Each structure stands twice: as C-alpha cells, then as structure tokens.
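Just so it is clear, none of the values below were taken in a lab; they were calculated from the coordinates. None of these values were measured; they are calculated from a predicted model. Quick reminder, even Gly has a Cβ in these numbers, built from the backbone with ideal geometry, and neighbours come from all protein chains shown.
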Amino acid sequence: MKIPRLWLLIAGLLLGIIVFSMVLQAISSVLWQLSYWLPSWLVAPTVLLLLGALGLALYPLLLPWIKGRGQGRKPKLSPQAPGNRQEAARQNLDAIDQQVSRIRDAVARQALEEQRRQVEESLQRGDLIVVVFGSGSSGKTSLIRALLNDQVGTVGAAMGSTSSSHSYRLRLQGLQRSIQLRDTPGILEAGEGGLEREQEARQEAVQGDLLLFVVDGDLRASEFSVVKALAQLGKRLVLVLNKCDLRGETEELRLVQQLRRRCEGLVEPIDVVTASAQPQSIPRPGQRPLQPQPEIERLLQRLAAVLREEGEELLADNILLQSSRLAEASQQLLNQQREREAQAIVDRYSWIGAGVIAVTPLPGLDLLGTAAVNAQMVVEIGQVYGVAMSRDQGQQLALSLGRTLASLGVVKGGAGLIASALSLNMPALLASKAVQAVTAAWLTRLAGRSFITYFSQQQDWGDGGIGQVVREHFDLQRRDLDLRRFLEAALARVVEPLKRKDRQLPPRQGPRRGAAAADPDGPAAAPTTDKPRRSPPTGPR
C-alpha cells in the first residue's frame, strides 16, 4: 500500500509543478505583450485589473463549491441540545416568535404576543408561584391566612366565599426566592357564575409552579378528576387535608391512608399532609372562648422541603409547560390560517376547472385543461404550507389522486350525484355541459381538500393511504348541507351563465332545428323550419 501512495504523491507534485509553470509562462507572455503595446508604467495596473476581472469571472463558478464545503462543516458548528429546561423554554420562545410573525390576524397575533411576554417575564422572574386550589369553602383562604399569620380576604360559611384570585407574598427561611401565594375561587360550584369562577381557578392552577389542593374530607369523584387532570399536565401537587380538628386522630389517619391510596401515581404519599387552618374555638364558662392556634407545621415543613429541593426545577418545568402550550396555540392558529388560505385556493380552482369544461368543446381538451388546473392548484396549496414544489411534481401528484378517484368509482359516482341533484331547463347539449362542468368543480373541490389533508400532515397520507383520505372527504361532501351549499354556488357560477349564453345563441340551421322549434324560448326558429319542408320538391330526381 505504501508504494502506490508514494507514486501518487510524486505524480501530484509533478502535475502541480507543470500547472504552476504554465501559469507563470502565461503571466510572462501577458507581461511581454502588454509591455510591447503599453508604456511601462501602465503594465502593472493593467495586470492587476486583468487578475481582478478573472477573479470576478471565476467567483460565480466557485461559489457553489464554497457553499457546499461550508454546508459540510455546519454539523460541526450546530448548536447543542438544551442543557436544561430553561434553555429549552428559551428555544421554544424563539420558535414561537417565528410562528407568531406568520399570523395575519392582528387580534390573534397581539393576544399571542401578550402571552409570550408573560412567559418571558416568568422566565426572568424571581418568585415561585404556589396556587391554593380546591372546592368552595374547603378552607383555602383560611389556610393562606394561617401561612401568612395575617387576615387576608373574607372567609364565610357559604360556598364561593372567594370570588376572584388574589396574590400574597411569603418568605420561607432558607429559601432564596420569594413565594407568591395565590388564592383562587372555589371549584365545582353550581350556577353559571360558579362555572366562570372555576375556569378562572383552573387557569391560575395551570400557571402555578406548585399546587396546594385543599380538601376537607375524602375526595369526591369530581375532585379526583380535577386532581388527575392537573397531574397529567405535569403539575406537582401537595394534597392538604384541612379541618383536622373536627375529627379524631383515628379518623384522621384513616382519611390520610385512603387519600394516599386513591391518589397513588398522581400524588406522592409524603405530599399528602394534614392541617387545621382555623380550629374551632373552645368554649370556657365565664370567659371568652379559647381560640387555638392553627396547626400548619406539617404543611410548612413539607412546603419548604419541596421548594428548597425542587423549586428551581418546578419553576423551569412550569415555564417549559407554558411555552409549550403557547407554541401549540400559535401553531393551531397558523394551521387554521393556512387551511383558510388553502380552501380559498381550492374554491377558486374549482370554478376555473368548471369554466374550462364549459368552454372547451372536445373531451380530450377537457381532460388536459383540468389536469393543468389541478397541477397548479397543488403547487399553490404546497406554497401555503411552505412546501416548494415544481409544476411537474404537482402534475404527478394530481394524476396520482385522479387515478385513485377513478379506481374508487368517485368520478362516476360524483357525476351521477350531480346529475340527479341538478334539474335543468336547458337544451340537451348545454345541459350536458352544465352537468360536466359542475361535476368537474365538485371533483376538483374533493381533490383540493384531500391535498389540504396531505400537506397539513407533513406530506403524509396517513396510515390508510390516499384512498382513505379520499373516501373521508367524499363522505363529507355527500352530506346534505355541504352538497346543498355547493349546488347553490354552482347554479350561480356555472348554470346561470350557460343559460344566458344559450339565450344569446343565433338560430341554428339543419335538420335538428325542427326538434328545437318546440322550445318555447326559440320563437325565431319557426321561419327556419319551413325551408326544409319546401326543399324536397325543388331538388332533382
């Protein structure tokens, strides 16, 4: 192996020397020629100008090669994956900026930009948000008051005593960050107002870093569904069994064990704690009733331990969750915008295809014309979804879908469906043209909606393939309401123009005109019917 490599090296050196000598000889020849024709002081500037012109001429040829080498080195310089959740959230926010910039609806764009700003502030804030969540009058506000050791809000016996969210600041020893305690309206309340307050409470819960779910007994089915939904969102929950002063130690222990069993896999057993935020007063004969101190030591210890050990991770997890939800919302709006734009393209080309059928006399040209229409429609739908597609690629995709339509019997079935739905008072030729044109528009509409599904699924027909997509849209278009709307548009766009065109046609000569004389719209046909009747006697025998 060493000998061939040595010979290759020698051959390469010799080739380089030959090329270098040829270049020197060419430069020498150019200098000699220039010195013959130009003064000596112009030779050097002229050579520099010639070399510059040669470089400019070669630059376009060398540019693709330079770019190719630059692209080959890109993987080495590509950014690494995010090292933590905060970096991942930052990357999500950058991606959201690109999505929001494509949304044309000003109101939706401003709403997303506001939500994005809030997530950005959450990424930079210094507080941990702890949301106190639970059913009405379970003791949420009393619990916050006990944690703050101060009166906050109004506490009453009736359900729904807290009608809106409130925030309070709390400091825990050994924790660098401050804590925002957020009191929320009660959930699972009756009435329209109760549903609105519950919606507000759920939104606050989704935005919190840590949730304190307060109950005053065993979990009801409705409460358990809320706990399960929040846990599935990735929220960290601490389940607080409040009002423990109303039951004995045995009953309290039984309830704690029952709550831990029911919430297994959703809430850690150690995160089920007991508290008594506002113990009942103890009557004393002849004296003022004794008000015991709140029993919240277990809750404070568990809250401090969770925030010290996992506070940064909880904060990062919540920010990542918020940015992911915002990215999904912006992507959904972008998809809706793309679908509207693509549907407008489909509607436009549906009536273009119908016009091609209506004005083209030969069936072969009909097929060629509609094929060109469908190919251009595919290209424009792809552009809406950011897919660059050539005209040939669009034509191949359109032909593939056309073959599928024919193999499934959709073309024949669509023609029969349109023919039976249309009732036309027109000459036979124009009636046939109208049915063909409306059928072509309907099939183009069906094909276009299938292509929208294809591009919205990242150029994938799905597990069922192209046939299943076509069948689904065929069934959707056969629905009475959708078909009725389409036929109303078809009558206005295709059938009525053909009728007006038929009325403006001049009388036609020939033996077929006798049949047309019976048409009430053609009184001018009567004089032409007499000529064929008188013509036989004048002819030679």
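How would you order 309-315, 448-454 from highest to lowest mean count of nearby Cβ atoms within 10 Å?
448-454, 309-315
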Per residue of segment 215-231, what does 6.51 cos²θ - 1.76 cosθ + 1.60 with θ = phi - 60° give for ³J(HN,Hα)? Whole Hz please, x for Gly and Pro, Karplus curve as stated.
10, 10, x, 5, 5, 7, 4, 5, 5, 5, 5, 5, 4, 5, 5, 5, 5
Thr274's amide H: which non-local residues (gap 5+, or another chain) put their own amide H closer than 5 Å, with H modeled 1.01 Å from N in plane and none for Pro or chain starts?
Leu241
Could you work out how much longer the chain between Glu120 and Ser35 gets when fully extended? Use 0.36 nm per residue separation minus the Cα distance between them, nm to one decimal.
23.6 nm
